[in-house]
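Note sheet for the following structure.
The values are calculated or read from the model by the stated rules, or taken from the named source; none is laboratory data. Note that this is a predicted model, so its numbers are computed, not measured. Don't worry about glycine lacking a Cβ; one is built from the backbone with ideal geometry, like all the others, and counts go over all protein chains shown. Surface accessibility is based on the protein's heavy atoms, side chains included, excluding ligands, DNA and RNA. Shrake-Rupley method; radii C 1.70, N 1.55, O 1.52, S 1.80 Å.
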Amino acid sequence: DRPSHSSHESYENKETSDHDHDHDHEHGSSNAMEALFPEQADVVIEVEYLEGEVITSESRVSASEGDVVVFSIVSDVDELIHVHGVDYLGEVSSGSSPSYFGFKIEASGIFEVEFEDSRTFITELLVK
């Protein structure tokens, strides 16, 4: 039994990249993540996205409300990372150096993080 999301979207099956929620929503009102570095973070989420496969250490990452969450992402394609529920977007540039960005989490709940363009699940952010 999973805790309920503090988002209006419903996630039926998180174990596959074929999860069910609306991707036709506009991101014009999304919050852009800031350029932040791991040393500024309370929580660092390291991700590699190579040949369409996500490599990360945890499928659920815990944080506390008010924490600064920073992503360190190495990808072989340009992508957008989206934190659902709190609606943060970060632009990932392809290349061998990591893209660093993040935000201060001001809400509690479980927030799905995915690569938006390919609809690929990355992790869940569990905030208490």
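Being surrounded by 13 or more Cβ atoms within 10 Å (Cβ to Cβ), at pLDDT 95 or above, closer than 14 Å to residue 123 by Cα and charged (D, E, K, R) is a property that does not hold for residue 34. Consider region 69-128 and keep the residues that are in contact with a Lys or Arg (Cβ under 8 Å, 6 or more places away or on another chain) and hydroxyl-bearing (Ser, Thr, Tyr). The one that is nearest to residue 50 (Cα to Cα) is 123.
Of the candidates 92, 69, 77, 83, the single residue that is modelled with pLDDT of 95 or more, more than 11 Å from the chain's Cα centre (by Cα), open to solvent by less than 10 Å² (accessible area, probe 1.4 Å) and not charged (D, E, K, R) is 92.
Cβ-Cβ distance below 8 Å, separation of 6 or more or different chains: which pairs start in region 95-115 with a residue that is over 15 Å from residue 125 (Cα atoms) and end on one that is among the aromatic types (Phe, Trp, Tyr) and open to solvent by less than 10 Å² (accessible area, probe 1.4 Å)? Partner pairs satisfying both residue conditions: 99/71; 100/71; 101/71. Of the residues making up region 104-127, none is in contact with a Gly (Cβ under 9 Å, 6 or more places away or on another chain), buried (at least 20 other Cβ atoms within 10 Å of the Cβ), of a type in the set (Ser, Thr, Tyr) and within 21 Å of residue 31 (Cβ to Cβ). Looking at region 54-66, which of its residues are touching a residue at least 40 places away in the same chain (Cβ under 8 Å) and either open to solvent by 40 Å² or more (accessible area, probe 1.4 Å) or farther than 18 Å from residue 31 by Cα (or both)? Correct list: 54, 56, 58, 59, 60, 61, 62, 63, 64, 65.
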